[in-house]
1. For residues in segment A:52-69 being touching a Leu at 6+ places or on another chain (Cβ under 8 Å) and more than 7 Å from every other protein chain (Cβ to nearest Cβ), which is surrounded by the fewest Cβ atoms within 10 Å (Cβ to Cβ)?
2. From the list C:Thr309, C:Thr397, which residue is closer than 20 Å to C:Glu472 by Cβ and among the β-branched types (Val, Ile, Thr)?
3. In segment C:485-507, how many residues are closer than 15 Å to C:Val401 by Cα and either of a type in the set (Asp, Glu) or surrounded by 13 or more Cβ atoms within 10 Å (Cβ to Cβ) (or both)?
4. Kindly list the number of the only condition in (1) under 26 Å from the mean Cα position of the chain (by Cα); (2) surrounded by fewer than 17 Cβ atoms within 10 Å (Cβ to Cβ); (3) more than 20 Å from C:Ser118 (Cβ to Cβ) that fails for C:Phe79.
5. Kindly check whether there is at least one residue in segment C:599-614 that is within 14 Å of another protein chain (Cβ to nearest Cβ) and in contact with a Ser or Thr (Cβ under 6 Å, 6 or more places away or on another chain).
6. Across segment A:25-39, what is the total count of residues that are at the interface with chain B (Cβ under 9 Å from one of its Cβ atoms) and modelled with pLDDT of 90 or more?
7. I need the full set of residues from segment C:529-581 which are more than 31 Å from the chain's Cα centre (by Cα) and not in a helix (DSSP H, G or I), in order please.
8. Conditions first: (1) crowded, with 20+ Cβ neighbours inside 10 Å; (2) more than 7 Å from every other protein chain (Cβ to nearest Cβ). A:Gly22 passes all but one, so which condition is the exception?
Amino acid sequence: MEIGLNHYLVLSTILFAIGLVGVMRRKNLLLLFFATEILLNAVNIAFAAISHYYGDLTGQMFAFFIIAIAASEVAVGLGLLIVWYKRYGSIDLDQISTMKG
Amino acid sequence: MFEAIAFYLFAFLTITMFVITVTTSQALYALSALAAGMIFISAFFFILGADFLGVVQIIVYTGAVMALYAFGMMFFDTTREVKEKQGNKFIITGLSALAAVLVVVIVAAPMFADNIRALYPVIEGAGNTQTIGMVLFTKYLVPFELAAVMLLVAMVAGIVLAGKKMDLSLTLMSATEIDEMNQNMNKKVL
Amino acid sequence: MEKYLYIALFAPLVSSLFSALFTAMPKKLFTGIVASLLIFTAFVSSSVLLGHILSGGEPIHVTMMTWMATGNLYIPFGFVVDEVSVTMMMVVTLVSTVVHVYSIGYMDHDKGFNRFFSYLSAFVFSMMVLVMSDNFAGLFIGWEGVGLCSWLLIGFWFHKESATWAANEAFIMNRIADLGMLIGLFLIYWHTGSLQYDEVFAVAPTLEHSVLIMIGIFLFVGAMGKSAQFPLHTWLADAMEGPTPVSALIHAATMVTAGVYLVIRANPIYELIPHMGLFIASLGAFVALFAASMALVNRDMKRIIAYSTLSQLGYMFAAAGLGAYWVALFHLMAHAFFKALLFLGAGNVMHAMHDELDPFKMGGLKKIMKWTFIMMTIASAALAGIFPLAGFFSKDTILNVAFVEHSYIIYGVLLFTAGLTAFYSFRLVALIFHGEDRFKLFNIHPHEAYKYMLWAMSPLLILAIIAGVFKEPFYEMIIELLPAGEFEIHSHLIEWLMIIGTQAYVILAIVYAYKKYAHNRIVVPDGTSKMENSIFYKILYNQYYIPYAYEEYFVKPYRELSTLFWEKIDLKIVDASVDGIAKCLYDAGDKTRNIQDGNLSTMLKWMVIGVVLLLSLAVIFGLVAQNSDKIMVILSNVGVI
């Protein structure tokens, strides 16, 4: 069976949905970051697939830059998480809701 | 035909791994499943002929990012089970499914799918890496340099946020001062 | 010449604005002096304009600026100085100057001294706009302005409940009449396409008779309210709650004559509908008698004079209704002089008697207040129509008009009323100034008014005596504009009989009044005498129970209706719906506040909900855009587009 662009896009959407589930469900901040990684990877697949099926390199470049950004985001995010953990001693979301509006 | 088999196999594996990531209660399992998922995604990149991207995915994502997460996990002592108060499962799954369906509808609509034109077409003959190199250092030079600066900033930020005793500088202190400091530290232990 | 027009028009406005600067401060004497000087300037300008008109000059038209120019409607702020308006201007500015100077003394101890001059000058300005305007819209602006200033001035002592009630009554009755006048104005515009006097009067003969009658009726309704004709007359007597200078200026000389001025100005229309004129004359004669009858027994000094004003207004309308417009204008002028003089004299008496109004409680004041006595006696004689004072020339001419026009009933009524007028005027004079000093029973120590107030009243005194001289020049001037009519009785014998007969009748009435009220045995009536309990006295004393009827049958039900509307509809429906909307918004805000609970997980869920919403919008828009032509077809079939 011929694998077309739509297959890849459907796959990407499914992975994105899984990522959304993780984002909404996870109460531990570190595990929340894992779910964010899933979201970014799903989008990367979509970009690469479109790039392949339309013969355009823009998709791959975009995916490339997304990887770079994701890496720096993880670095800074973990740094902040460490600081928070040292201050409050917990990274459970339910216990760190101090900005109640 | 091989492509189809590879696609479906890796698709199945990726989805399984990621589902484990989001549903398991053990943090270690989540980490391992995430790393595995990253590797399988790079397989997709290879299928799609984006060799450079696939390699970068393995090196950067699976290698660097996952290592960072592993260190972070060690720091937070989350090797044990994570107790989480669960929200309403149906809302969560329902919302995600709805989002997925909507995106597919949008993307699969002929109106959107027909108007895509290639801006930077692939040059036949050259390998993927070479092509990426050519585009990256000409058309995308400025974003490239900016990304470099951003990585530098992120690195410095990470060090500053996580470092201890940042006001001391061992290279600027003389040997006697370092000895004094060590003795003070040892005194405390005793 | 135009600059005199503008000076005469705007000097009172400047005076009013200047005095308005000081309303919050205690009495400042220069406010009164500056106001009086400015009004005097207006008087001088009016005199210059009078000289111009008298020497045969052309009437002066100016168009100051455009008020409305929308579509086919063009209404400018235009002013005209012709024979009629210059007469009115002279009367208004002269009496206003006198009243302003008088008020400096009268309002001497009043806290609202500056405010009084501001209102008074504003009134003069409105009256000038009314008489100088060259279109009906400007007339209406002035009309409303004088109504407003009258309300402000009647209710000047607004802490008194009775004063505010009287002010409201005056304003509301005027308003009811103004509705009629507005309808008249609309009819004029609808049928003639313009509100300018010259254009309307040029087209008037071509209109249908029924239209003319409607216009005449509605304009007269407006005049009825302003000039207090029956049945909108009760406000004039109650308007005496205001300070006496106000009564002198507004309710004797100027505002109440605005109705007469309107009829005189619109004479080309009324010339075409003589039946309406006859109705106006009949109503005027009726009011003359009606008011005089109520003044016979009244025990309030200012009210007696107010009823006499009402009665004389009836005379003016009778003259105008019978087609003798210039006679009405002349009587207006003469009446302004002696009536204002009467009111100002009454003010002196009131001041001296510490605001006591019952003439039965006064008496024998001629020894103490000599000049006031002289002035009031002469004014009353002028009012009664004794030769050679001013009233003789104007009132007797009106009687002649009625006789010549073969309206013998009107003539009879007016003649009888003349006798009543003489009687009650001199009853008042006798009770106040003659007889024994009854005021001593009440421990009042009267004194004469300030010298400058008496000097201020002197021009009016002189004019009340000599104004008859002006009749011929006035006639020569005025028939440039108004229809001529000598109203001469053909037979000299009958003419001399009438004059002598009228004079004898009037003098008899005066003698009778003196006999009854000037002797030393008057007692203050206290409700027990036989006359007080007779039915006629009761009817007359309670003003034919008309105010009572208005209160019971109009005011009370209306108040019930208003309360009903307020409580049931305004509070429960209108306010509730507005408050309901606010409450909905407030509750919505209160509920959505809970979205922000500081929990990142919850907020992430809300973010996903937002993403889903946006995606659905994108899908819907895409579908609509894709099938837009089909959707247009459906909508046009339904009828929306």
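1. If we take residues in segment A:52-69 being touching a Leu at 6+ places or on another chain (Cβ under 8 Å) and more than 7 Å from every other protein chain (Cβ to nearest Cβ), then A:Ile66 is surrounded by the fewest Cβ atoms within 10 Å (Cβ to Cβ).
2. C:Thr397
3. 9
4. Result: C:Phe79 fails condition (2) only.
5. yes
6. 5
7. C:Ser529, C:Lys530, C:Met531, C:Glu532, C:Asn533, C:Ser534, listed by residue number.
8. Among (1) crowded, with 20+ Cβ neighbours inside 10 Å; (2) more than 7 Å from every other protein chain (Cβ to nearest Cβ), the lone unmet condition for A:Gly22 is (2).
The values are calculated or read from the model by the stated rules, or taken from the named source; none is laboratory data. Given the structure is predicted, the values throughout are model-derived calculations rather than measurements. All Cβ positions, glycine included, derive from the backbone under ideal geometry; neighbour counts span all protein chains shown.
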